[in-house]
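Notes to accompany the following structure.
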Amino acid sequence: MGFGRKDLVGLEGLSKDEILYILESADSMKEILERDIKKVPTLRGKVVANLFFEPSTRTRTSFELAGKYLSADVINFSSSSSSTTKGETLKDTALNIEAMGVDGVVVRHRASGAAHYLAKNLKASVINAGDGTHEHPTQGLLDLLTLREALKTKDLNGVHVAIAGDITHSRVARSDIWGLRALGAEVTVAGPPTMIPPFIERLGVRVVPSIDRVVKEADAVIMLRIQLERQASPLFPSLREYSRLFGLSAGLIESMEETPFLMHPGPVNWGVELSPAMQGYPKNCILQQVTSGVAVRMAVLYLLLGR
Ligand code: CP
């Protein structure tokens, strides 16, 4: 089976087989990452452009490393020093970059739908690295890869995953939900009512108002940052209150017999959604997620550009 798509804009609409195919390719990429010399010639002669219009540490760096490990040439575009500051549009910027011979465009943008818009307008493959509150598909895939490894299962059928925090503004939550549901996992979301989108149950998830119960029931919990940059007005009285009601504390974990694996897409706001003591939690998979991110991005670049 080949992947057969030009772009990766979201996990919505991808079949279980397509997702498993990417994850199995990522398993092979992980073997390359464990070698002393992490370089294969697979994408020699291909050019990848990272177009980031929003800040990023993990996604931008791991796409750059992923391209380099596969021998692609990678260019990093910085919006603050580009001609977008002189009024050039997103489409014109991308068309000009493509005209230089680029094969793949990795785009992060504050506007939901930006990746889809570029995918329609470019011949190059477009990979969504996070568009507004819509999707962050490679984060969803790296979360699935991490869960498969932590839970020692190829399939996530019947696995229970909780996602807690600012669901409304989280593109990670949306990609996680699409991916987890496609692989047969049960998903529960928890957060303040002001941060739970209306009709989220239509995506096949359960909603609970408190983190305590869901953490006790779940095999893994994905904690999310409050996306203050996307909130038009404050959605909770104070960070202290949010942390007390919706943060994951070492005290809560210590009161449990069966504990869940802990994940977080980053950046973590220690002391808000996670108590600082959780850094030493034995089932903390946060850095494992980052490693999975390189393998997933290598797999996605290979499947789209190596066609
Ligand atoms: N998880 C994630 O997207 O992190 P960055 O914003 O650092 O890329």
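The values are calculated or read from the model by the stated rules, or taken from the named source; none is laboratory data. Keep in mind that this is a model prediction, so the values were computed, not measured. Cβ atoms come from the backbone with ideal geometry, glycine included; neighbour counts cover every protein chain shown. All accessible areas refer to the heavy atoms of the entire protein, side chains included, with ligands and DNA or RNA removed. Shrake-Rupley method; radii C 1.70, N 1.55, O 1.52, S 1.80 Å.
With VAL102, VAL159 as the choices, which residue is among the β-branched types (Val, Ile, Thr), farther than 20 Å from VAL207 by Cβ and more than 16 Å from the ligand (Cβ to nearest atom)? Before the answer, list the steps.
Details: VAL159 fails: farther than 20 Å from VAL207 by Cβ.
Step by step, each of VAL102, VAL159 is checked, and only VAL102 is among the β-branched types (Val, Ile, Thr), farther than 20 Å from VAL207 by Cβ and more than 16 Å from the ligand (Cβ to nearest atom).
Is there a residue being touching a residue at least 40 places away in the same chain (Cβ under 8 Å), surrounded by 19 or more Cβ atoms within 10 Å (Cβ to Cβ) and not in a helix (DSSP H, G or I) anywhere in the stretch 74-92?
Going through the stretch 74-92, the residues touching a residue at least 40 places away in the same chain (Cβ under 8 Å) turn out to be none.
No, because not a single residue in the stretch 74-92 is touching a residue at least 40 places away in the same chain (Cβ under 8 Å), surrounded by 19 or more Cβ atoms within 10 Å (Cβ to Cβ) and not in a helix (DSSP H, G or I).
Taking LEU70 as the residue in question, decide whether it is closer than 27 Å to ASP176 by Cβ, among the hydrophobic types (A, V, I, L, M, F, W, C) and either touching a His at 6+ places or on another chain (Cβ under 9 Å) or open to solvent by 20 Å² or more (accessible area, probe 1.4 Å) (or both). Write out each step before concluding.
On the way: closer than 27 Å to ASP176 by Cβ: yes; among the hydrophobic types (A, V, I, L, M, F, W, C): yes; either touching a His at 6+ places or on another chain (Cβ under 9 Å) or open to solvent by 20 Å² or more (accessible area, probe 1.4 Å) (or both): no.
Criteria not met by LEU70.
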Flag if LEU305 is at pLDDT 95 or above and more than 16 Å from the ligand (Cβ to nearest atom): yes
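Just to be sure, is ARG110 surrounded by fewer than 22 Cβ atoms within 10 Å (Cβ to Cβ), within 16 Å of the ligand (Cβ to nearest atom) and of a type in the set (D, E, K, R)? Spell out the reasoning first.
Working: surrounded by fewer than 22 Cβ atoms within 10 Å (Cβ to Cβ): yes; within 16 Å of the ligand (Cβ to nearest atom): yes; of a type in the set (D, E, K, R): yes.
Answer is yes for this residue.
Going through LEU147, LEU156 one at a time, which residue ends up being out of contact with any strand residue (DSSP E or B) (no Cβ under 8 Å at 6 or more places or on another chain), more than 22 Å from TYR242 (Cα to Cα) and not aromatic (Phe, Trp, Tyr)?
Being out of contact with any strand residue (DSSP E or B) (no Cβ under 8 Å at 6 or more places or on another chain), more than 22 Å from TYR242 (Cα to Cα) and not aromatic (Phe, Trp, Tyr) holds for just one of LEU147, LEU156, which is LEU156.
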Tally, over the stretch 6-46, of residues that are buried (at least 21 other Cβ atoms within 10 Å of the Cβ), within 11 Å of MET298 (Cβ to Cβ) and of a type outside the set (Val, Ile, Thr): 3
Only one of SER62, SER79 that is over 20 Å from the mean Cα position of the chain (by Cα) and within 16 Å of the ligand (Cβ to nearest atom): SER79
Positions within the stretch 256-307 being buried (at least 18 other Cβ atoms within 10 Å of the Cβ) and basic (Lys, Arg), in sequence order: ARG297
The stretch 138-156 - residue that is assigned to a helix (DSSP H, G or I) and away from the ligand (no atom under 16 Å from the Cβ) and, of those, most open to solvent (accessible area, probe 1.4 Å): GLU149
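I'm trying to understand the selection: among the residues of the stretch 6-48, which are part of a loop (DSSP other than H, G, I, E, B) and among the small types (Gly, Ala, Ser)? Can you show your working first?
Here is the first cut: in the stretch 6-48, the ones part of a loop (DSSP other than H, G, I, E, B) are 6-7, 9-15, 34-46.
Matches in the stretch 6-48: GLY10, GLY13, SER15, GLY45.
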Hey, LEU51 open to solvent by less than 10 Å² (accessible area, probe 1.4 Å) and not in a strand (DSSP E or B) or not: no
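Can you confirm whether GLU135 is surrounded by fewer than 22 Cβ atoms within 10 Å (Cβ to Cβ) and within 27 Å of LYS30 (Cα to Cα)? Walk me through how you get there before you give the answer.
Values: surrounded by fewer than 22 Cβ atoms within 10 Å (Cβ to Cβ): no; within 27 Å of LYS30 (Cα to Cα): yes.
No, not satisfied.
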When residues of the stretch 154-177 are limited to those that are of a type in the set (S, T, N, Q) and touching a helix residue (DSSP H, G or I) at 6+ places or on another chain (Cβ under 8 Å), the one farthest from GLU135 (Cα to Cα): THR168
Considering residues of the stretch 123-132 that are assigned to a loop (DSSP other than H, G, I, E, B) and more than 14 Å from the ligand (Cβ to nearest atom) only, the residue surrounded by the most Cβ atoms within 10 Å (Cβ to Cβ): ALA124
Leading residue by the ranking (farthest from VAL290 (Cα to Cα)) among those in the stretch 238-273 that are in a loop (DSSP other than H, G, I, E, B) and among the acidic types (Asp, Glu): GLU257
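List the strands (runs of 3 or more DSSP E) inside the stretch 182-230, counting only whole elements, that have at least 2 residues being in the same structural domain as HIS169 (by TED's automatic domain parsing) and under 26 Å from ARG110 (Cα atoms). Let's see the steps before the verdict.
On the way: elements: 186-190, 206-208, 220-223.
It comes to 186-190, 220-223.
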